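Just below is one structure, and these are the notes that go with it.
The values are calculated or read from the model by the stated rules, or taken from the named source; none is laboratory data. The structure presented is a predicted model; accordingly, all values stated were derived computationally and were not measured. Counting neighbours? That spans all protein chains shown, and the Cβs are built from the backbone with ideal geometry, glycine included. Surface accessibility is based on the protein's heavy atoms, side chains included, excluding ligands, DNA and RNA. Shrake-Rupley method; radii C 1.70, N 1.55, O 1.52, S 1.80 Å.
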Amino acid sequence: MKCVRCKKQAEVELKSHNAAFCRDCFLYFFENQVLKAIKSFRMFTKKDKILVAVSGGKDSLTLWNVLLDLGYNADGLFVHLGIEGFSDIAKGKVERFAKERNAKLIVVNLKDEGIPIPEVKKKTRRVVCSLCGQIKRYYFNMVGLKEGYDVLATGHNLDDEVSRLFSNVLHWKMEYLVDQSPVLPSEEGLLKKVKPLCRVTEYETSVYAFFKGLDFVDIECPYSKGATFTMYKKHLNQIEFSSPGTKIDFYQGFLKNLKPILEKREEKIKNRCKICGYPTFSDVCSVCRLKGYT
Ligand code: AMP
Ligand code: FES
Ligand code: ZN
């Protein structure tokens, strides 16, 4: 198989793009896909101060690496969840990356905030992952606003987006469908949020991380979300195998055809938490409630 760009021996075949690439041309293709997402969704420019939420996993470290290589002004934010045997390892990987790339890293430790995830887990009967997600998003937003960033970027890739879309459609979760987007604009109390890896698959991201020699955590969080999204990803990959290009069509089709209709009927959250000002459906947001301010 030959590289479609330079005709050297190809190392990667991408059926959904009807293409095969050598190593250098794959890296060029990958960065170009990220650039395309950044530009077509007007995520940010070279003038913006970008805060990248980095977990230490392959997606967010890939994102930070690509943004730095492309010359964006991108700092990192790591939220230490206080999970034994997991959070310290992840922090080590992120710190090492930041040092190697001479990049600024902000660390928030949930123990210092009084809400480490193992303690939160004891206090709630809900699945801790969804609360953990809410807590992380809360600090992404608060730190970003406080430190004067223009935009917050996360490492969600096409497979994350498509499996979430699939799940939201299967269960007609309208309130989540409204918010599913590679760009959420800033509004009062909310920082702009973007997903620059929304055009690249998990496989493509793994290949990028491998070619670049990125050192990331590959152990799962012990409280891992469970099998639902993984199950959807597996089914979607089977469909993709028989019909290459379906995943990106499904996602782009949603953004083009359904999203504008949903946005028209969206009800904005008007309430703000009376303790910290974060947007919420009730008087006090869930993080302030966890901290005991009720
Ligand atoms: P997840 O919800 O674990 O799939 O993570 C989605 C994205 O959230 C990642 O790609 C990161 O950008 C960000 N993220 C997850 N965990 C952390 C963390 N502990 N600290 C900073 N960012 C995180
Ligand atoms: Fe939050 Fe696992 S990463 S519970
Ligand atoms: Zn090539």
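Would you confirm whether any residue within the range 203-223 is of a type in the set (V, I, T), open to solvent by less than 30 Å² (accessible area, probe 1.4 Å), touching an Asp or Glu at 6+ places or on another chain (Cβ under 6 Å) and away from ligand 3 (no atom under 16 Å from the Cβ)?
Yes, some residue in the range 203-223 is of a type in the set (V, I, T), open to solvent by less than 30 Å² (accessible area, probe 1.4 Å), touching an Asp or Glu at 6+ places or on another chain (Cβ under 6 Å) and away from ligand 3 (no atom under 16 Å from the Cβ).
Kindly provide the set of residues from the range 181-200 that are open to solvent by 20 Å² or more (accessible area, probe 1.4 Å) and either out of contact with any Phe, Trp or Tyr (no Cβ under 9 Å at 6 or more places or on another chain) or modelled with pLDDT of 95 or more (or both), ordered by number.
Hits for the range 181-200 are V183, L184, P185, S186, E187, E188, K192, K193, K195, R199.
Somewhere in the range 153-160, is a residue at pLDDT below 95, part of a loop (DSSP other than H, G, I, E, B) and closer than 30 Å to S206 by Cα?
No: the range 153-160 contains no residue that is at pLDDT below 95, part of a loop (DSSP other than H, G, I, E, B) and closer than 30 Å to S206 by Cα.
So if I check each of V178, V151, which one is within 14 Å of ligand 1 (Cβ to nearest atom), open to solvent by less than 60 Å² (accessible area, probe 1.4 Å) and closer than 21 Å to R272 by Cα?
Every option except V151 fails the conditions.
Does the range 78-85 contain at least one residue that is without any contact (Cβ under 8 Å) to a residue 12 or more places away in the chain and touching a strand residue (DSSP E or B) at 6+ places or on another chain (Cβ under 9 Å)?
There is no residue in the range 78-85 that is without any contact (Cβ under 8 Å) to a residue 12 or more places away in the chain and touching a strand residue (DSSP E or B) at 6+ places or on another chain (Cβ under 9 Å).
Filter the range 191-203 down to the residues that are touching a helix residue (DSSP H, G or I) at 6+ places or on another chain (Cβ under 6 Å) and either closer than 24 Å to R272 by Cα or of a type outside the set (A, V, I, L, M, F, W, C) (or both), then identify the one that is farthest from ligand 2 (Cβ to nearest atom).
Applying the filter and picking the extreme gives R199.
Tell me, which residue of the range 49-104 that is away from ligand 2 (no atom under 16 Å from the Cβ) and among the polar types (S, T, N, Q) is surrounded by the most Cβ atoms within 10 Å (Cβ to Cβ)?
So the residue we want is T62.
To keep it simple, each residue is scored yes or no on (1) more than 22 Å from the chain's Cα centre (by Cα); (2) closer than 20 Å to H156 by Cα.
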| site | (1), (2) |
| --- | --- |
| R5 | yes, no |
| I50 | no, yes |
| K58 | no, yes |
| V66 | no, yes |
| G71 | no, no |
| I89 | no, no |
| R101 | no, no |
| K104 | no, no |
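What is the number of the single condition among (1) surrounded by fewer than 19 Cβ atoms within 10 Å (Cβ to Cβ); (2) out of contact with any strand residue (DSSP E or B) (no Cβ under 9 Å at 6 or more places or on another chain); (3) in a loop (DSSP other than H, G, I, E, B) that D112 does not meet?
(2)
Kindly check whether there is at least one residue in the range 30-45 that is within 16 Å of ligand 3 (Cβ to nearest atom), assigned to a helix (DSSP H, G or I) and free of Cβ contacts under 8 Å to residues at least 60 places away in the same chain.
yes
Of all residues in the range 116-143, count the ones that are outside any helix (DSSP H, G or I) and open to solvent by 20 Å² or more (accessible area, probe 1.4 Å). Outline the logic, then answer.
The first filter runs over the range 116-143 and keeps only residues outside any helix (DSSP H, G or I), leaving 116, 124-127.
In the following step, the residues that additionally are open to solvent by 20 Å² or more (accessible area, probe 1.4 Å) were identified as 124-127.
Of the residues in the range 116-143, 4 are outside any helix (DSSP H, G or I) and open to solvent by 20 Å² or more (accessible area, probe 1.4 Å).
Cβ-Cβ under 7 Å, sequence separation 6+ or interchain: first residue in the range 227-244 and closer than 10 Å to V162 by Cα, partner of a type in the set (D, E) and open to solvent by less than 60 Å² (accessible area, probe 1.4 Å). Which pairs?
From the range 227-244, the pairs are K233/D159.
Looking at (1) assigned to a helix (DSSP H, G or I); (2) in contact with a helix residue (DSSP H, G or I) (Cβ under 9 Å, 6 or more places away or on another chain), which is the one condition that is false for A90?
Failing condition for A90: (2).
What's the total number of residues in the range 7-48 that are open to solvent by 70 Å² or more (accessible area, probe 1.4 Å) and closer than 15 Å to H156 by Cα?
Looking only at that region, the number is 0.
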